[in-house]
1. Search the stretch 161-174 for residues being over 20 Å from His28 (Cβ atoms) and touching a Ser or Thr at 6+ places or on another chain (Cβ under 7 Å), and hand back the single one that is surrounded by the fewest Cβ atoms within 10 Å (Cβ to Cβ).
2. Assess whether Arg156 counts as being assigned to a helix (DSSP H, G or I), basic (Lys, Arg), in contact with a Gly (Cβ under 7 Å, 6 or more places away or on another chain) and in contact (Cβ under 8 Å) with a residue 12 or more places away in the chain.
3. Being of a type in the set (Ser, Thr, Tyr), touching a residue at least 40 places away in the same chain (Cβ under 8 Å) and assigned to a loop (DSSP other than H, G, I, E, B) is the filter here; which residues of the stretch 174-191 pass it?
4. Restricting attention to the stretch 178-196, report how many residues are out of contact with any Pro (no Cβ under 8 Å at 6 or more places or on another chain) and either surrounded by fewer than 17 Cβ atoms within 10 Å (Cβ to Cβ) or farther than 13 Å from Ile35 by Cβ (or both).
5. Considering every residue within the stretch 44-66, establish whether at least one is assigned to a helix (DSSP H, G or I), free of Cβ contacts under 8 Å to residues at least 60 places away in the same chain, touching a Lys or Arg at 6+ places or on another chain (Cβ under 9 Å) and not small (Gly, Ala, Ser).
6. Mind checking whether some residue in the stretch 139-146 is assigned to a helix (DSSP H, G or I), surrounded by 18 or more Cβ atoms within 10 Å (Cβ to Cβ) and either aliphatic (A, V, I, L, M) or within 15 Å of the chain's Cα centre (by Cα) (or both)?
7. Which ones in the stretch 64-116 are among the hydroxyl-bearing types (Ser, Thr, Tyr) and within 14 Å of the chain's Cα centre (by Cα)?
8. Identify the single condition in (1) under 20 Å from Gly42 (Cα atoms); (2) modelled with pLDDT under 90; (3) more than 18 Å from the chain's Cα centre (by Cα); (4) part of a helix (DSSP H, G or I) that Gln205 does not satisfy, given that it satisfies every other one.
Amino acid sequence: MSYDDCESRGETGEETGYGSARLKEIIHPDRINAITISGRSGCGNTTVNRLVAEKLGLEGINYTMRNYAKEQGVGLEELSRQAEENPDIDCMVDRRQVEICLKEQNVVLSSRLAIWLLPQAALKVYLYAPLEVRSRRIQEREGGSPEEQLRKTEARDLGDAERYRKLYRIVTDHFFFADLIINTETFDQYQVANMITLAYSLRRQKQA
């Protein structure tokens, strides 16, 4: 089944995302002691995940398509090609994130959809940075010309947004339900990690 088939059959639900039948099969609706961190490519999700997990002594989880490809014994490029035509692959990657969190407990999960997958997490964080800032960071990490990386980053943003809209009816620009939204252009990774750590501690005190 293709993404277009999934959409035409009405399986993607309402525009808010939580009306999606597929999403309802994956999300964990109950409260869980987890910090979820989402944001677009180049926002610093992976680095901040590691720093927060270290500071709080929690398990850091950053499960991606690469991890799933390794588990399935196939190459990342091949799995990505298959995922373009088969939405169930994306669903499996997202489902595995939730399964790992429920197994480990006391975790920091970072992924594009983390704050949507665990809506009752102890703390939901969204990291933001302008396109130009994110593409420059990726260019410094991966190489290539600034112009080329800017185009690729913008295309990746658009592709991700369209895929999640068709698959789950998630609108990735609608992240204002997050407990904490941080501009990572303004603050470095250590400051961001400190903010998240403090917010988590305050939230835990309030819930006690």
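1. Ala161
2. Working: assigned to a helix (DSSP H, G or I): yes; basic (Lys, Arg): yes; in contact with a Gly (Cβ under 7 Å, 6 or more places away or on another chain): no; in contact (Cβ under 8 Å) with a residue 12 or more places away in the chain: yes.
Spelling it out, it is not the case that Arg156 is assigned to a helix (DSSP H, G or I), basic (Lys, Arg), in contact with a Gly (Cβ under 7 Å, 6 or more places away or on another chain) and in contact (Cβ under 8 Å) with a residue 12 or more places away in the chain.
3. So the first thing to find is which residues in the stretch 174-191 are of a type in the set (Ser, Thr, Tyr), and the list is 184, 186, 190.
Adding the requirement that they be touching a residue at least 40 places away in the same chain (Cβ under 8 Å) leaves 184, 190.
Of everything in the stretch 174-191, just one residue is of a type in the set (Ser, Thr, Tyr), touching a residue at least 40 places away in the same chain (Cβ under 8 Å) and assigned to a loop (DSSP other than H, G, I, E, B), namely Thr184.
4. Residues of the stretch 178-196 out of contact with any Pro (no Cβ under 8 Å at 6 or more places or on another chain): 178-184, 186-196.
Those left that are additionally either surrounded by fewer than 17 Cβ atoms within 10 Å (Cβ to Cβ) or farther than 13 Å from Ile35 by Cβ (or both): 181, 183-184, 186-191, 194-195.
Of the residues in that region, 11 qualify.
5. Restricting attention to the stretch 44-66, the residues satisfying the condition of being assigned to a helix (DSSP H, G or I) are 45-56, 65-66.
Going one step further and asking which of them are free of Cβ contacts under 8 Å to residues at least 60 places away in the same chain, we end up with 50, 53-54, 65-66.
After this cut, where a residue has to be touching a Lys or Arg at 6+ places or on another chain (Cβ under 9 Å) as well, the list is none.
No, the conditions are met nowhere in the stretch 44-66.
6. Within the stretch 139-146, not a single residue is assigned to a helix (DSSP H, G or I), surrounded by 18 or more Cβ atoms within 10 Å (Cβ to Cβ) and either aliphatic (A, V, I, L, M) or within 15 Å of the chain's Cα centre (by Cα) (or both).
7. As a first pass, look at the stretch 64-116 and keep what is among the hydroxyl-bearing types (Ser, Thr, Tyr): 64, 68, 80, 110-111.
Result: Thr64, Ser110, Ser111.
8. The single condition Gln205 does not satisfy is (1).
The values are calculated or read from the model by the stated rules, or taken from the named source; none is laboratory data. Just so it is clear, the model here is predicted, and its values are computed rather than measured. No Cβ is skipped: glycine too gets one built from the backbone with ideal geometry, and neighbour counts run over all protein chains shown.
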